[in-house]
Amino acid sequence: MGDMFLGLDSSTQSLSAVLIDLASRTVVGTGAVGFDEDLPSYGTTNGVVRDPDDPGTVHGHPKQWLDALDLLFVRLRDQGAPLGEIRAISGSGQQHGSVYLRHGIEERLAALDPAKGLAANLDGVFSRATAPVWMDSSTSAQCAEIAEAMGGPLAVAEATGSVPFERFTGPQIRKFSQQEPEAYRETARIALVSSFMASVLAGRLAPIDPGDGAGMNLMDIRTRDWHPEALAATAPDLQARLPRLAPSWTVVDRVHRYFAVKHGVNPDARVVAWSGDNPCSVIGLGLVEPGMTAISLGTSDPCFGTMAECRTDPRGEGHVFGSPTGDYMTLICFKNGSLARERVRDAYGLDWAGFSAALHDTPPGNEGRLMLPWFEPEIVPKVLRPGVHRFDLDEADAAANCRAVVEGQMMAMRNHSEWMGARPQRVFATGGASANPEILQVMADVMGCPVHRFEVSNSAALGAALRAAHAHFLAEGTERPWPGVVAGFTDPVPGSEIRPRPEATQVYDYLVMKHAQFERDTLARLGD
Ligand code: ADP
Ligand code: XUL
């Protein structure tokens, strides 16, 4: 039997899997289920549903994620993946999203029946049919109330690692408890996307790990326990509704027999606590030692790094989470990532090849033309009313707009990540758009350092598989140090290094200041 470990990634638009063989250091299987295309009956667009009366309210469907889990195992088995040899499974969830469960959930999880699908098994357990996800920006009032109760936003950041953010779970729970008090009373347990999926796999309530727990505005970032003052500022009787917090390497249980009987998974496979997608990506990119930086070009564009000690952002824009290694990690999340690049691409009727050609044919710095691509409400900087703002930029000029959206994103990353400390020496790029070398060239030029690309674009699922391996050996009493676990999986693609062009970096050293000024002026004008 090989050393097989499975990593799952329950993300905004899909559920995907990476199966690795640790002994041979190879990825032996991958699979994915797209929420919109494979499970259209839920009516999601890009994996979510929006409230037509309030576009800031953005939810996902927990039952769709359950259907996706069944379908993913079917697909893996159909391609001959050796599911019977899996030693441990872990996973990664889109961060902050919350699932609301009624009394009796423990019994229902324990009794999963392979004769039915997961969604049918768990019918009726949800006290809230849908789950607010990270794209939701509808809780500004609750953020203000929590900040007020705890002595201001920066006091909340000092306590929990982040100022109150609209998408964070605490403000979302507060909104639910205020607007649907009856349903909140009926809620016995609140899970994160990560802990919910782990609970289903193990057939028992799973803990929340410090990687995802730090995305709630409820966890003491230093002790990694629930923060009593934050709980009290958020909702009544909240502690009783939350699972326990436990280290990322906690073994929840063996996989529930449902998965062994129905899908042929090894019945002895351990289920390891899941974490958030960004903490998992930290491992999947090999950032297992402090001081490394990565940018993921996915639906959103999170930029993260690792650090040995806890340092919080004085501007309150960035976050500190627990790293799954037990260290700390920083995260700055730009919401207008791939979706913004796609909006520009589509506005000019281009495909990615056409978009890349536009980048190639336009000069670094775009002759001083700027764009703030806030198609959606933005997280960094905080922008509640979406809108695209142009400086000297003609909306009719397709090529200049393609360059402007990418430059605007990269310059915002450089400006808003300064608090993390020294400028990065190397950046690791991942996510769907990291397949695009022209985008990575802009990144290298703006950051002024080489950019490396990874073969596996799903670093979150790979990180989850590597976390499963690490925790498995720890549980067996044969702990392996992190660098040894990730070696061979997280090396950048040979020859993928994209070097900054010094003359371009010189242009950006000036232009980033102009970009920052344009951003400040625009924010002042908007009054956000
Ligand atoms: P997530 O995990 O957040 O759902 P992914 O990391 O899978 O997202 O990235 C998906 C995105 O990658 C798509 O929305 C698409 O815009 C982008 N993408 C895919 N290929 C390219 C390309 N060649 N150039 C630019 N962007 C791309
Ligand atoms: C992080 C964040 C996003 C989601 C995407 O704070 O909101 O990166 O984790 O899944």
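Coordinate-derived values only; no laboratory data. Just so you know, these numbers come straight off a predicted model, no measurement behind them. Ideal geometry is used to build each Cβ from the backbone, glycine not excepted, and the neighbour counts take in all protein chains shown.
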Total formal charge among the other residues, if their Cβ is under 14 angstrom from that of H59, Lys/Arg +1 and Asp/Glu -1: -1
Which three lengths, in whole Å and largest first, does region 4-280 cover when its Cα atoms are put on their principal axes? 55, 39, 31
Summing -39500 (n - 2.57) over the DSSP H runs of n ≥ 4 in the chain and dividing by its residue number, what mean residue ellipticity at 222 nm do you reach, to the nearest 500 deg cm²/dmol? -11000 deg cm²/dmol
Going Cα to Cα from K116, which lysines come in below 27 Å? Please leave out same-chain ones fewer than 8 positions away. K63, K262
Of the options A429, W482, L526, report the single residue whose Cα projects farthest towards the positive end of the charge dipole of region 373-528 (beta-carbon charges: Lys, Arg +1; Asp, Glu -1). W482
Between A88 and residues 5 or more places away or on another chain, which pairs have amide H atoms under 5 Å apart, with H built 1.01 Å from N, and which residues are they? L6, R270
So how far, in whole Å, is the C-alpha centre of region 477-528 from the one of region 221-275? 32 Å
Relative contact order of region 51-157 (C-alpha contacts under 8 Å, at least 6 apart) in percent is 42 percent
Taking the Cα centre as origin and putting +1 on Lys and Arg beta-carbons and -1 on Asp and Glu beta-carbons, what dipole magnitude results for the chain, to the nearest 20 debye? 760 debye
Less than 23 Å apart at the alpha-carbon level, and either on another chain or at least 8 residues along: which lysines does that give for K382? K175, K335, K514
Please give the net charge around N401, taking every other residue with its beta carbon less than 15 angstrom from that of N401, where Lys and Arg add +1 and Asp and Glu add -1. -4
Final fewest-first order of K382, K175 on the 10 Å Cβ neighbour count is K382, K175
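Can you check what the net charge comes to around L359, using other residues whose Cβ is under 10 Å from the Cβ of L359 (Lys, Arg +1; Asp, Glu -1)? Write out the running numbers ahead of the final one.
Values: positive: R403; negative: D361, E407, E438.
Computed value for this residue: -2.
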Over region 4-280, what is the mean sequence separation of C-alpha contacts under 8 Å (at least six apart), divided by residue count, expressed as relative contact order in percent? 21 percent
Normalising by the residue count of the chain, find the relative contact order in percent from Cα pairs under 8 Å and 6+ residues apart. 15 percent
Farthest towards the positive end of the dipole of the chain, among G2, A235, G31 and with Cβ unit charges of +1 on Lys and Arg and -1 on Asp and Glu, lies the Cα of G2
Could you run the Karplus curve 6.51 cos²θ - 1.76 cosθ + 1.60 with θ = phi - 60° over region 330-337 and give me ³J(HN,Hα) per residue in whole Hz, x for Gly and Pro? 9, 8, 10, 10, 8, 6, 7, x
Selection from A111, L66, G151, by position along the positive dipole direction of region 4-280 (Cβ): A111
Applied in sequence order to region 175-186, the curve 6.51 cos²θ - 1.76 cosθ + 1.60 (Karplus, θ = phi - 60°) yields integer Hz couplings, x standing for Gly and Pro, of 4, 4, 5, 7, 8, 9, x, 5, 5, 5, 4, 7
Determine the gain in length on full extension of the stretch V28-K382; use 0.36 nm per residue of separation and subtract their C-alpha separation, reporting nm with one decimal. 123.3 nm
Using the Cα centre as the reference, give the magnitude of the dipole from point charges on the C-beta atoms of region 305-367 (Lys, Arg: +1; Asp, Glu: -1; all else neutral), rounded to the nearest 20 debye. 140 debye
How would you order 374-380, 472-478 from highest to lowest mean count of nearby Cβ atoms within 10 Å? 374-380, 472-478
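For each of W352, W482, count neighbouring Cβ atoms within 10 Å of the residue's Cβ, then give the residues from fewest to most.
Numbers: W352 15, W482 20.
Least to most surrounded, the residues fall as W352, W482.
Taking the Cα centre of region 387-528 as origin and charging only Cβ (+1 Lys, Arg; -1 Asp, Glu), how large is the dipole, in debye to the nearest 20?
320 debye
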